[in-house]
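Heads up: the structure comes next, in structure tokens.
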Amino acid sequence: MTEQAKLTVKDWSPEDQPREKLLLKGVYSLSDAELLAIILGSGNREESVVELSQRILQSTENNINQLGKLSVKQLMKFKGIGEAKAISIVAALELGKRRKAEDILNREKILFSKDIYHYFHPMLCDLYYEEFWALFLNRGHKIMDKLKISQGGVAATVVDAKIIYKEALIRLATSVVICHNHPSGNPRPSHEDDLVTMKVKEGLKRLDMDLADHVIICDGSFYSYADEGRI
């Protein structure tokens, strides 16, 4: 009794092959696993590339955002994923994050805290340490520039408010947004967060500028000082 040979993706009908399906039906017809399969290009001896992609996604509960948190070394633990394929996955997901950021940057105005959240979330959601950023806005609330002010440890980062004042003056900004992440997943501000917020607000006020908001980013949630009426 002979065992039937395992079908590869190339043995499938053209409309079921990810690349051909994309060409025939468009990119939106593909599942997440099929899109990942195109990035990978091939599977392993036991699995087709689509099956391998499904297994990788299942390990993250089919959550692409969680997939984006995996490092090159973590991805290489999957059979059939070498360094080159792992790097391809990380690079593709990073492009997706940057596209989200560009979508916000290209909008005419930043009016709501959720705009700030969506802008910074791709950059900050996967970090295991804190980063503190500033957005410089013109009179029309459009982003003129962004700048990382500091980077710290798991629980905190030291912020030099003078850097924010200096950079805001150089850019002739009308208002400033400050933002940092909480790797713990709890967006509630600490006492130190409150002190930094008030210090930056008062310093900018003396320079005839406004602190538009301070947003604390977590993966899936955020805290806005402006929304809470604390600015």
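The values are calculated or read from the model by the stated rules, or taken from the named source; none is laboratory data. Quick caveat, the model's predicted, so the values are computed rather than measured. Ideal geometry is used to build each Cβ from the backbone, glycine not excepted, and the neighbour counts take in all protein chains shown.
Rundown of residues vs (1) in contact with a strand residue (DSSP E or B) (Cβ under 8 Å, 6 or more places away or on another chain); (2) without any contact (Cβ under 8 Å) to a residue 40 or more places away in the chain, yes/no style:
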{"site": "Tyr129", "(1), (2)": "yes, no"}
{"site": "Gln151", "(1), (2)": "yes, yes"}
{"site": "Tyr165", "(1), (2)": "no, no"}
{"site": "Leu169", "(1), (2)": "no, yes"}
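Taken as a whole, segment 48-61 holds no residue that is β-branched (Val, Ile, Thr), at negative phi and at pLDDT below 85.
If we scan segment 29-38, do we find a residue that is in contact with a Gly (Cβ under 9 Å, 6 or more places away or on another chain), closer than 29 Å to Asp213 by Cα and not in a loop (DSSP other than H, G, I, E, B)? No, segment 29-38 contains no residue that is in contact with a Gly (Cβ under 9 Å, 6 or more places away or on another chain), closer than 29 Å to Asp213 by Cα and not in a loop (DSSP other than H, G, I, E, B).
Residue-level check: of (1) closer than 20 Å to Asp219 by Cα; (2) crowded, with 21+ Cβ neighbours inside 10 Å, Tyr129 misses just (2).
Within segment 182-192, the set of residues being surrounded by 19 or more Cβ atoms within 10 Å (Cβ to Cβ) and in contact with a His (Cβ under 9 Å, 6 or more places away or on another chain) comprises Pro189 only. Here's a check for you: in segment 83-113, which residue that is more than 14 Å from Met123 (Cα to Cα), of a type outside the set (A, V, I, L, M) and surrounded by 13 or more Cβ atoms within 10 Å (Cβ to Cβ) is modelled with the lowest pLDDT? Residue satisfying both the conditions and the ranking: Arg107. Scanning segment 201-213 for residues that are buried (at least 17 other Cβ atoms within 10 Å of the Cβ), more than 23 Å from Cys125 (Cα to Cα) and in contact with a Phe, Trp or Tyr (Cβ under 8 Å, 6 or more places away or on another chain) yields Gly203, Leu204.
The test for being out of contact with any helix residue (DSSP H, G or I) (no Cβ under 8 Å at 6 or more places or on another chain), farther than 16 Å from Asp210 by Cα and either outside any strand (DSSP E or B) or at pLDDT 95 or above (or both) does not hold for Val159. The requirement of being under 12 Å from Leu135 (Cβ atoms) and of a type outside the set (S, T, N, Q) is fulfilled nowhere in segment 181-197; no residue meets it. Against the test of being of a type outside the set (D, E, K, R), surrounded by 17 or more Cβ atoms within 10 Å (Cβ to Cβ) and in contact with a helix residue (DSSP H, G or I) (Cβ under 8 Å, 6 or more places away or on another chain), the options Leu24, Leu67 yield a single qualifying residue, Leu67. Listed conditions (1) under 14 Å from Leu135 (Cα atoms); (2) modelled with pLDDT under 95; (3) of a type in the set (S, T, N, Q) are all met by Thr174, apart from (2). The numbered conditions (1) at pLDDT 90 or above; (2) assigned to a loop (DSSP other than H, G, I, E, B); (3) buried (at least 16 other Cβ atoms within 10 Å of the Cβ) are all true for Gly43 except (1). The set of residues from segment 172-197 being touching a Leu at 6+ places or on another chain (Cβ under 9 Å) and either more than 17 Å from Phe120 (Cα to Cα) or assigned to a helix (DSSP H, G or I) (or both) comprises Ala173, Thr174, Ser175, Thr197.
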